[in-house]
Amino acid sequence: MTGAQQRAALQRQIWQIANDVRGAVDGWDFKQYVLGALFYRFISENFASYIEAGDESIRYAELSDSVITPEIKDDAIKTKGYFVFPSQLFANVAKDANTNESLNTDLATIFSAIESSANGYPSEDDIKGLFADFDTTSNRLGNTVKDKNARLASVLKGVAGLDFGDFEGSQIDLFGDAYEFLISNYAANAGKSGGEFFTPQHVSKLIAMLAMHKQTKINKILDHACGSGSLLLRAKKQFDAHIIEEGFFGQEINHTTYNLARMNMFLHNINYDKFDIRLGNTLTDPQFGDEKPFDAIVSNPPYSVKWIGSDDPTLINDERFAPAGVLAPKSKADFAFVLHALSYLSSKGRAAIVCFPGIFYRGGAEQKIRKYLVDNNYVETVISLAPNLFYGTTIAVNILVLSKHKTDTTTQFIDASGLFKKETNNNVLTDNDDPDDPGHIQQIMAVFDSKADIDHLARNVPFETIAGNDYNLSVSSYIEAEDTRERVDIAKLNAELKTTVARIDQLRSEIDAIVAEIEGEEVEA
């Protein structure tokens, strides 16, 4: 089965699960149950595979809980970060889900046991609260226990029916594709801004490639507004050949997506000791100060959100913001996220950040921050993308690439606003490594790498020009859009008109002669 076929089958099955519980659970809440069940299935299968260790004579799901010794449990938790008894495995619970009259409370007990298995171990913080949003006793599932159990059974049976072999061997990113499908179908309808928590996979790939361009190994990668972790995971998927020595780091302010990000790490076989995802406000409660610097930073922070800014007098002395001499406006925190990323960036690394276009040309504090960035030669590239690439917003965003190792003082501008393919309700960037027919991602990366000037597409602008233009970093200020209107040859058009007029005069003369002849014949008659 090809990736496209797997993806289509996944979407059909998720939609079927939705139909089974439709009318009871709000679409946005339903998303949590499907993703939670996917995660429960994955960690069960992953844990069973670890215990079996390739020995076909061992079927962990068929063992009795009583055969598990304290030593086996201790070793497993130290390695995997958690423990699942055979009776607690997804397969065993899903098998009897339809007839289990205490399914909702049994699930709640199992989830609590899996989380608490890590208590006192190094993985405790990575496991704690993972199932918090999979609330099996919530009235959102129904007012009676019978209703709750019926809908939970439908979700478990539906997820059990996803037949793509093991997660790691699948041709697609099961969790990412499921999340993307659920976001696209429910975010707009539920009035939620799903886009701020999820970066589409095609955009994620471009951002990861920009941040890790030509780095044969990096110490670690950071996303300071990590949402569901899609950007960090794209880096892993795209750069398996690279050595990410110390792992994946992320901070997220939203509790639900913080849990999703941690789930996503496990789902992609990133062990608990290779990731560190933390909950909190990046701007006012920054984490990972002791982990600085990072060789790669990727981020799609929320656009133009409010923050405390100058209302907190201590922030102007914060090492992240002090060098710029000014704070981002209280009503628009965009540059606060940019300066945060810059302060965490190593001298050899790059940061690739999705930004709202307005920050590149507005005046005031934002102009002063642009001046700081350009004067210190931190801006490598600004890329304008096509509109409607993200869920929840149709705006044409930009990607800002920061670097602390530029070899000249020019800034590259790339106008990629015309590179997209229309698919359903959104535009996408195509991904094709064929040199004879490169995808949009490959075209952008080729221009980024070459730093060549290309009419209507890319231009390298000297420092003096940018400074003389009030530090405007808007792509449209430096790249002239191609005029696609049909060109009219005035001389040729005039000649054609002259010929046409002469022909009309000739026809009129011929018509007049015919009319005169007819009138003469009538007089004679």
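The values are calculated or read from the model by the stated rules, or taken from the named source; none is laboratory data. Fair warning: this is a prediction, and the values are worked out from it, not measured in the lab. A quick note on method: Cβ atoms are made from the backbone with ideal geometry, for glycine too, and the neighbour counts reach across all protein chains shown. Please note that ligands, DNA and RNA were not included when accessible areas were found on the heavy atoms of the full protein model with its side chains. Shrake-Rupley method; radii C 1.70, N 1.55, O 1.52, S 1.80 Å.
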Cross-link reach from LYS422 to aspartates and glutamates, straight Cα distance under 20 Å and at least 8 residues apart if same chain, gives ASP177, GLU180, ASP431, ASP433, ASP437
Everything considered on the Cα gyration tensor (a ≥ b ≥ c; rounded for a/c under 1.5, else prolate if a/b is larger than b/c, else oblate), the range 372-525 must be described as prolate
The helix 365-375 Cα axis meets the longest alpha-carbon principal axis of the chain at an angle in degrees, between 0 and 90 and rounded to 10, of 90 degrees
Extension length gain for ASP449 and ASN388 (0.36 nm per residue less Cα distance), in nm, is 19.4 nm
Heavy-atom accessible area of the range 1-133 with neighbours in place, 1.4 angstrom probe: carbon+sulfur share in percent works out to 49 percent
In whole angstrom, the spacing between the Cα centers of the range 365-420 and the range 98-152 equals 44 Å
Over the chain, with neighbouring protein chains present, the accessible area per residue in Å² at probe 1.4 Å is 46 Å²
Expressed in nanometres to one decimal, the distance between label points 7 Å along Cα→Cβ at ASP20 and THR407 is 5.9 nm
From DSSP H assignment alone, runs of 4+ in the chain each adding -39500 (n - 2.57), the sum over residues rounded to the nearest 500 puts [θ] at 222 nm at -13500 deg cm²/dmol
With DSSP loop assignment and no more than 13 other C-beta atoms within 10 Å, the GluC sites (Glu not before Pro) in the range 468-503 are GLU480, GLU482, GLU486
Taking R0 as 51 Å and r as the Cβ-Cβ distance between VAL145 and ALA467, the FRET efficiency 1/(1 + (r/R0)^6), rounded to the nearest 0.05, comes to 0.15
With a 1.4 angstrom probe the carbon and sulfur portion of accessible area for the range 273-385, in percent, totals 49 percent
Close lysine pairs (the range 14-163; alpha-carbon distance under 28 Å; 8 or more apart or on separate chains) counted at 20
Cα extents of the range 407-459 along the principal axes, largest first, in whole Å, come to 42, 23, 19
Bridge orientation stat for the chain from DSSP, antiparallel percent rounded to 5, came to 50 percent
If exposed means trypsin sites (Lys or Arg not before Pro) lying in a DSSP loop and surrounded by at most 12 other beta carbons within 10 Å, then the longest stretch of the chain lacking such sites spans residues 307-484
Among [x] 25.5; [y] 23.2; [z] 26.2, the entry matching Kirkwood radius over Cα pairs in Å as calculated here is [z]
Set LYS217/LYS371; LYS217/LYS274; LYS371/LYS406; LYS306/LYS421, cut-off 23 Å on Cα-Cα distance; pairs above it are LYS217/LYS371; LYS306/LYS421
